[in-house]
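Only one structure is covered here, and it is reproduced in the block below.
The values are calculated or read from the model by the stated rules, or taken from the named source; none is laboratory data. Everything quoted here is computed from the prediction, not taken from an experiment. Don't worry about glycine lacking a Cβ; one is built from the backbone with ideal geometry, like all the others, and counts go over all protein chains shown. What goes into the accessible areas is simple: the full protein's heavy atoms, side chains included, and nothing from ligands, DNA or RNA. Shrake-Rupley method; radii C 1.70, N 1.55, O 1.52, S 1.80 Å.
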Amino acid sequence: MRTDDVLHSRGECRTSCVECSHAFSEAGSTRFRSARWFAKITSMNASVWIGAVAGIIGTATGGALTIWSGRWTHRAQERTARAEQQRARAAAAAEAALAELLEIHRDFRKARTSDGDEWRQRLRLLHDRIAKVQVLLHSIPDIKLRTRVREDTFYMPLSPPDDRRTGSERRVAIIELCADAIACLGAFLRDEELPARSARVEDTRNLWPEWKHKDDSHFYMWEADDGDSFD
């Protein structure tokens with residue numbers, strides 16, 4: 001065998017060998033294509049991983065936002081429901097208080113008769129109805145309304161020691177105080193501002209200037225002595 005054939009079989013021939021040069025060129029090209037394929041696969045795998053991670057993060061974030069939004073909506077609905085329930089209770093209390101005040105208004109528009117027992121019964125009903133109104137006011141959260149109506153009912157049965165009003169004048173004062181409380185409760189039910197006090201109501205309140213408080217924490221009541229203050 002020739003020396004060139006031996007070298008050729010071993011791949012050790014000189015670079016001038018055409019066959020060996022062609023073989024080496026094909027091998028290099030194959031390695032280059034393999035490198036490009038591997039790089040492509042690696043690049044594709046990186047893209048896939050990035051997409052998968054982004055999808056997971058997006059899903060988790062979206063789920064968290066959905067849960068938070070649901071909880072916030074639920075709490076907002078609960079607050080709205082509680083506010084509506086409170087408003088309903090307040091409206092019902094205001095309507096019940098109006099009914100009691102209208103009964104007081106009706107009773108004292110009637111002239112006093114000669115029947116002393118009937119008059120004393122009327123005064124007892126006044127105290128009972130005022131007490132009911134006071135209880136109902138606790139269901140009304142509006143402190144301005146509550147204080148205003150409580151003041152009006154507080155002054156209804158009272159007569160100061162130096163009171164020079166006649167019995168008829170005291171009856172009129174009760175009617176005026178009652179009308180003021182009715183107007184305030186009506187304004188509350190209509191979502192309006194409280195009306196201004198009339199001059200007669202202010203005159204009645206001025207009989208006890210030392211008892212004009214800015215809140216309702218100092219109000220109390222006592223029973224009249226058998227209606228003698230209306231003689």
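Annotation: Asp142 fulfils all but one of (1) within 31 Å of the chain's Cα centre (by Cα); (2) of a type in the set (D, E, K, R); (3) open to solvent by less than 50 Å² (accessible area, probe 1.4 Å); the unmet one is (3). Among the residues in region 119-133, are any over 23 Å from Ala88 (Cβ atoms), open to solvent by less than 90 Å² (accessible area, probe 1.4 Å) and in contact with a Ser or Thr (Cβ under 6 Å, 6 or more places away or on another chain)? Yes, because at least one residue in region 119-133 is over 23 Å from Ala88 (Cβ atoms), open to solvent by less than 90 Å² (accessible area, probe 1.4 Å) and in contact with a Ser or Thr (Cβ under 6 Å, 6 or more places away or on another chain). Filtered by the rule that a residue be open to solvent by 10 Å² or more (accessible area, probe 1.4 Å), more than 29 Å from the chain's Cα centre (by Cα) and of a type in the set (Val, Ile, Thr), region 145-191 gives Thr166, Val172, Ile175.
Counting only residues that are among the polar types (S, T, N, Q), assigned to a helix (DSSP H, G or I) and either touching a helix residue (DSSP H, G or I) at 6+ places or on another chain (Cβ under 8 Å) or free of Cβ contacts under 8 Å to residues at least 40 places away in the same chain (or both), region 81-125 holds 2 of them. Within region 133-140, identify whether any single residue is among the small types (Gly, Ala, Ser) and within 30 Å of Glu84 (Cβ to Cβ), and answer yes or no. Yes, region 133-140 contains at least one residue that is among the small types (Gly, Ala, Ser) and within 30 Å of Glu84 (Cβ to Cβ). Can you work out which of the residues in region 126-166 that are part of a helix (DSSP H, G or I), of a type in the set (Val, Ile, Thr) and touching a residue at least 24 places away in the same chain (Cβ under 8 Å) is farthest from Ala97 (Cα to Cα)? Result: Ile143. Scanning region 90-104 for residues that are open to solvent by less than 40 Å² (accessible area, probe 1.4 Å) and not aliphatic (A, V, I, L, M) yields one hit, Glu100.
Looking only at region 167-182, how many residues end up being free of Cβ contacts under 8 Å to residues at least 40 places away in the same chain and under 21 Å from Asp128 (Cα atoms)? Final tally of qualifying residues: 5.
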